[in-house]
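Visitor: Would you mind keeping the following structure in view while I ask a few things?
The values are calculated or read from the model by the stated rules, or taken from the named source; none is laboratory data. The shown structure was predicted, so the numbers you read here are calculated from the model rather than taken from an experiment. Quick reminder, even Gly has a Cβ in these numbers, built from the backbone with ideal geometry, and neighbours come from all protein chains shown.
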Amino acid sequence: MTVTAVRKDPQTLTMTLEAEFDASPERVWQLWADPRQLERWWGPPTYPATFTQHDLSSGGHVAYYMTGPEGDEIHGYWEVLETDPPRRLLFRDGFANADGTPDDSLPKNDGRITIEDIGGGRTRMSIESIFPTANAMEQILAMGMEEGLTQAVGQIDGILAENVVTPIGDR
């Protein structure tokens, strides 16, 4: 499995998942930058994601939903706060109603993605979730965030093994 560590820190209100891959930072970044690749791993296997909007530029908006085994849909969105390809992505992650409007009954959290070359053709990706309060952290973790994210990231090796993305200019 690609996930090497999951740390929850109630003092700093964070959960950090780290994973390592046999790929370059640029290739790992493509897993975020290409919505078709992102939807292949963002949800756990039983809740695959579909991205309906995908703008990773600073100030951009991403909208998606995950479809459960019974056909239920969980909608979400990201407000992109900062982008530094292929090294860093910072976004506010929230739940949404079916019409795409924010569902303010559930807490938001910030996602900080860090992608770094660790040598030998390997890359470490860190997904840090930063919660606004201890109650928000407890609520989201109780909904299965740790297990779901671990399962989701566990799907990435299969995607990376398929092929190397051809740069747009070379197509």
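Visitor: Taking only the stretch 129-153 into account, find how many residues are more than 12 Å from the chain's Cα centre (by Cα) and not acidic (Asp, Glu).
Guide: The total comes to 14.
Visitor: In the stretch 42-88, how many are modelled with pLDDT of 95 or more, under 19 Å from Lys108 (Cβ atoms) and small (Gly, Ala, Ser)?
Guide: Matching residues across the stretch 42-88 total 6.
Visitor: While we're here: If a residue has to be farther than 19 Å from Trp32 by Cα and surrounded by 17 or more Cβ atoms within 10 Å (Cβ to Cβ) to count, how many in the stretch 104-129 make the cut?
Guide: Number of matching residues: 2.
Visitor: Would you check if there is a residue in the stretch 162-169 being out of contact with any strand residue (DSSP E or B) (no Cβ under 9 Å at 6 or more places or on another chain), at pLDDT below 95 and within 27 Å of Gly68 (Cβ to Cβ)?
Guide: yes
Visitor: Going through the stretch 18-57 one residue at a time, which ones are in a helix (DSSP H, G or I) and β-branched (Val, Ile, Thr)?
Guide: Answer for the stretch 18-57, where residues must be in a helix (DSSP H, G or I) and β-branched (Val, Ile, Thr): just Val28.
Visitor: With His75, His54 as the choices, which residue is touching a strand residue (DSSP E or B) at 6+ places or on another chain (Cβ under 8 Å), more than 22 Å from Gln139 (Cβ to Cβ) and either in contact (Cβ under 8 Å) with a residue 40 or more places away in the chain or not hydroxyl-bearing (Ser, Thr, Tyr) (or both)?
Guide: Answer to the selection: His54.
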